[in-house]
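Throughout, read-outs are computed from the coordinates displayed, never taken from laboratory work. Bear in mind the structure is a predicted one, so any value in this text is a computation, not a measurement. Here the Cβ is made from the backbone with ideal geometry for all residues, glycine too, and neighbour counts use every protein chain on show.
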Amino acid sequence: MRENLILGEGVVVPDDVEIGANVIIHEGTTIGAGVVIQDNVILGKVPRLSSRSTAKKAPLAPLEIGEGAAICSGAIVYAGTIVGPKAIIGDQSSVRERCVVGEGAVIGRGVCVENDTRIGAYCKVQSNSYITAYSELEDHVFIAPCVATTNDNFMGRTEERHQHIKGAVIRRGARVGGGVVILPGIEIGEEAFVAAGALVTRDVPARKLVAGLPAKVWRDVPDEELVDEQ
């Protein structure tokens, strides 16, 4: 379609890229072959940070979109980020600067991925979840809808907080149920399962199912549910 397309200087767009209406692609953005960019997308945006922001203020590298990826309607992907091959960035989602979204990962509708976050290959982050800054999701992680991660135990007060800010680390194959809240700096172990609605205040051991307020270990995750058994 390519109606009302705005391209910044040095943008690389192969001939087979599909681009919808009202798309803005900022300076230096590199787009791989076979990428689909739907209507009202903004790519390579530079963040506007407040004077009190904890995000780094250094210059950003251009955005990179891998081959066969899809950026869906209304999504915004910032400069300094890398979107892997065949990843999907869903409608009205936002992926901030200096993030990595791995190969085949799916970022659902309305998801917010904050700055300096790594999302591994084949992860699924479902609608309206919030992945806070300085988080890490290893490969094959599943995040159900409306999950909220956090990174600041001081909630914006005191200068000391800057040295303690840390998001969640969610290890390979772990699953987090709908509406879960994860406190700052929590590690969820490999292949762990966090039941819907839990409040995670402590690290979760590998291959354990936790549930409750606060979350406590209930049992092991069955062997047949492990990633390598699929």
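Take the residues in the stretch 60-103 that are among the hydroxyl-bearing types (Ser, Thr, Tyr) and surrounded by 22 or more Cβ atoms within 10 Å (Cβ to Cβ); name whichever of them is farthest from Val12 (Cα to Cα).
As a first pass, look at the stretch 60-103 and keep what is among the hydroxyl-bearing types (Ser, Thr, Tyr): 73, 78, 81, 93-94.
From the residues that got through so far, the ones that are surrounded by 22 or more Cβ atoms within 10 Å (Cβ to Cβ) too are 78, 81, 93.
Numbers: Tyr78: 16, Thr81: 16, Ser93: 23 Å.
Only one residue tops the list, namely Ser93.
Across the stretch 164-190, what is the number of residues that are among the basic types (Lys, Arg), within 20 Å of Gln126 (Cβ to Cβ) and not in a strand (DSSP E or B)? I'd like the intermediate steps shown before the answer.
Of the stretch 164-190, the ones among the basic types (Lys, Arg) are 166, 171-172, 175.
This time we only want the ones that are within 20 Å of Gln126 (Cβ to Cβ), so: 171-172, 175.
Still in the running and not in a strand (DSSP E or B): 171-172.
Within the stretch 164-190, residues that are among the basic types (Lys, Arg), within 20 Å of Gln126 (Cβ to Cβ) and not in a strand (DSSP E or B) number 2.
What number of residues within the stretch 110-142 satisfy the criterion of being under 14 Å from Val180 (Cβ atoms) and among the aliphatic types (A, V, I, L, M)?
Residues that pass the stated criteria total 4.
For the subset of the stretch 120-146 comprising residues that are touching a Gly at 6+ places or on another chain (Cβ under 7 Å) and of a type in the set (A, V, I, L, M, F, W, C), which member is nearest to Arg207 (Cα to Cα)?
Selected residue: Val141.
Could you list, in sequence order, the residues of the stretch 31-48 that are within 18 Å of the chain's Cα centre (by Cα) and either in a loop (DSSP other than H, G, I, E, B) or farther than 16 Å from Leu7 by Cβ (or both)?
Residues satisfying the conditions are Val41, Val46, Pro47.
Can you tell me which residue in the stretch 147-163 is farthest from the chain's Cα centre (by Cα), limited to those that are under 22 Å from Asp203 (Cβ atoms), without any contact (Cβ under 8 Å) to a residue 12 or more places away in the chain and in a loop (DSSP other than H, G, I, E, B)?
Out of the qualifying residues, it is Phe154.
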